[in-house]
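Step one of this worksheet: look at the structure below.
The values are calculated or read from the model by the stated rules, or taken from the named source; none is laboratory data. All of these numbers come straight from a predicted model, not from anything done at the bench. Every residue, glycine as well, gets a Cβ built from its backbone with ideal geometry; the counts of neighbours run over all protein chains shown. Protein only, heavy atoms only, side chains kept; ligands, DNA and RNA dropped before computing areas. Shrake-Rupley method; radii C 1.70, N 1.55, O 1.52, S 1.80 Å.
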Amino acid sequence: MGLMSNLWVGKSGLSMSQCSINTTAHNLANVDTPGFVRQQMILGTTTYLTVRQNAISKMQTGLGVNAEEVKQVRDIFLDKAYRQEIGRESFYRTQYEAVEEMENVFGEVQGVAFQNSLKDFWVSLQELAKEPESIVTRASLVQTAVSFTERAENIYNQIRKYQVNLNEQIESKVARINEIGDMIADLNIKICHNEGNGVENANDLRDQRNLLLDELGEYVNITYREGKNGQVSVLVEQMPFVTEGTVFHMSTTPQVELLTKQLTKEY
């Protein structure tokens with residue numbers, strides 16, 4: 001092994017050390033970046049020179065190291081498990097919040113429960129049945145009925161407002177889901193373009209896409225698959241949502257309008 005070969009080996013080692021330092025600096029600079037995943041430099045050997053060869057083996061000498069790739073320290077199986085479980089957690093959390101809101105409206109947790117108003121009205125009716133000619137009993141029934149009606153109307157208005165609020169939340173989330181789909185499709189194109197030469201990985205763009213997939217998994221049940229070109233296809237409830245070059249947007253339809261269309265089709 002000659003002097004130049006030795007110098008080349010030393011030079012490759014210094015170059016790869018510099019690349020590793022750059023990767024470490026990139027990791028430190030993005031510690032607080034949302035969705036960022038630590039990157040790792042994978043080193044490999046360069047080509048070998050054959051000095052001589054006999055019948056059973058070769059005598060070779062190496063020319064140093066080179067960078068195989070800069071990979072993300074990420075587990076795809078944990079990603080899928082997280083996106084599945086975060087969706088379940090969001091589903092049960094939403095149910096819990098809805099039940100808690102109804103309990104507050106009906107006074108089951110604090111204040112006077114609505115069932116007490118209903119019970120008082122029923123007792124007043126029974127008392128009137130016992131003494132229908134009593135003016136005091138009649139007046140008590142009227143007063144109880146007015147109180148019951150006011151409470152029922154107040155509860156109806158609160159439930160109606162809550163329903164309007166839920167509808168607005170659904171529309172907002174559907175708009176966000178469509179926005180996430182557009183962003184994933186845009187990142188698919190960028191990743192495919194950057195990785196098309198087969199030399200480098202678009203790790204930062206992949207971090208952004210993974211962060212969007214995490215958020216999307218919180219809203220809806222998703223399954224996804226990455227193709228050989230680096231683009232991700234996403235299914236929502238087993239229906240196509242993001243494909244190569246296409247995003248199928250969601251929309252909302254009021255239940256009354258939906259029932260009207262169904263009845264129109266039937267008749």
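Could you identify the single residue in 28, 43 that is closer than 15 Å to residue 72 by Cα, surrounded by 14 or more Cβ atoms within 10 Å (Cβ to Cβ) and either at pLDDT 80 or above or under 32 Å from the mean Cα position of the chain (by Cα) (or both)?
Working: 28 fails: surrounded by 14 or more Cβ atoms within 10 Å (Cβ to Cβ).
Criteria check complete, one pass: 43.
Can you report the number of residues in segment 78-132 which are on the phi > 0 side of the Ramachandran plot and out of contact with any Phe, Trp or Tyr (no Cβ under 7 Å at 6 or more places or on another chain)? If you could, list the steps in order and put the result at the bottom.
Of all residues in segment 78-132, those on the phi > 0 side of the Ramachandran plot come to 107, 111.
Then keep just the ones that are out of contact with any Phe, Trp or Tyr (no Cβ under 7 Å at 6 or more places or on another chain); that gives 111.
Within segment 78-132, residues that are on the phi > 0 side of the Ramachandran plot and out of contact with any Phe, Trp or Tyr (no Cβ under 7 Å at 6 or more places or on another chain) number 1.
Within segment 93-118, track down each residue that is in contact with a Gly (Cβ under 7 Å, 6 or more places away or on another chain) and assigned to a loop (DSSP other than H, G, I, E, B). Outline the logic, then answer.
Step one: list which residues in segment 93-118 are in contact with a Gly (Cβ under 7 Å, 6 or more places away or on another chain), which gives 113-114.
Matches in segment 93-118: 113 only.
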Against the definition (open to solvent by 60 Å² or more (accessible area, probe 1.4 Å), among the aliphatic types (A, V, I, L, M) and closer than 30 Å to residue 205 by Cα), how does residue 135 come out, yes or no? no
Per the list (1) at pLDDT below 80; (2) surrounded by 12 or more Cβ atoms within 10 Å (Cβ to Cβ), residue check on residue 74 breaks on (1)
Counting just the residues of segment 86-130 that are open to solvent by less than 90 Å² (accessible area, probe 1.4 Å) and of a type in the set (Asp, Glu), which one comes out farthest from residue 215 (Cα to Cα)? 127
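Give me the residue from segment 125-156 that is over 26 Å from residue 102 (Cβ atoms) and small (Gly, Ala, Ser) and, out of that set, farthest from the chain's Cα centre (by Cα).
So in segment 125-156, the residues over 26 Å from residue 102 (Cβ atoms) come out as 125-143.
Next cut, small (Gly, Ala, Ser) only: 129, 134, 139-140.
Details: 129: 59, 134: 65, 139: 58, 140: 56 Å.
Ranking the qualifying residues of segment 125-156, first place goes to 134.
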